[in-house]
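The values are calculated or read from the model by the stated rules, or taken from the named source; none is laboratory data. Because the structure is a prediction, the values reported are computed rather than measured. Virtual Cβ from ideal backbone geometry, glycine too; neighbours counted across all protein chains shown. Surface accessibility is based on the protein's heavy atoms, side chains included, excluding ligands, DNA and RNA. Shrake-Rupley method; radii C 1.70, N 1.55, O 1.52, S 1.80 Å.
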Amino acid sequence: CWVLLSTLAHIDNAPEDAEDACRAGLRTLALEFVLARQGGLAPREDRNQQRLTAAMRSLRGLHPLDQPKLLKAAIATVEHGGRVSPEEQELLAGVAAALDCPLPPMQSPR
C-alpha cells in the first residue's frame, strides 16, 4: 500500500505536499503510522516501475473486500491536492483494473 500510495503522491505534487497526499490515503486505511515506520515516502525514482509492479503483484492478493478500500485510499491520495491530473487518472484506472474493482466517479482532471 505504501509503495502504491507513495507513487501516486509523487505524480502531481510538490515534494513538500507529496507526503501529506500519501498520508491522506493511508489515513483511509488507518495506516498513517506506515510513513513514520518507513521513514517517509517510497523513493520517487523507480527504474522501470519495478517497485510499483512488485507492489501491485502483492496487492492483487488482497482479500476481495479489502480491494475497494485500497482503491478509496488511492483516490484520497490523488484528490488530496483538490483535482486529479490525467496522469493520476490513468494510473488509478490501471490500479482499478489490476484489482478488478470498478473506479468510482472522481473529481475532474486538471
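Among all positions in the stretch 65-76, there is at least one residue which is closer than 18 Å to residue 103 by Cβ and more than 14 Å from the chain's Cα centre (by Cα). Inside the stretch 16-41, residues that are open to solvent by 20 Å² or more (accessible area, probe 1.4 Å), more than 19 Å from residue 66 (Cα to Cα) and touching a residue at least 24 places away in the same chain (Cβ under 8 Å) make up a count of 4.
Within the stretch 55-104, the residues that satisfy the criterion of being in a loop (DSSP other than H, G, I, E, B) and within 23 Å of residue 19 (Cβ to Cβ) are 80, 81, 82, 83, 85.
The residues in the stretch 61-88 that are open to solvent by 50 Å² or more (accessible area, probe 1.4 Å) and touching a helix residue (DSSP H, G or I) at 6+ places or on another chain (Cβ under 6 Å) can be counted, and the count is 3. Here residue 13 passes the criteria (1) without any contact (Cβ under 8 Å) to a residue 40 or more places away in the chain; (2) open to solvent by less than 40 Å² (accessible area, probe 1.4 Å); (3) more than 11 Å from the chain's Cα centre (by Cα) except the one numbered (1).
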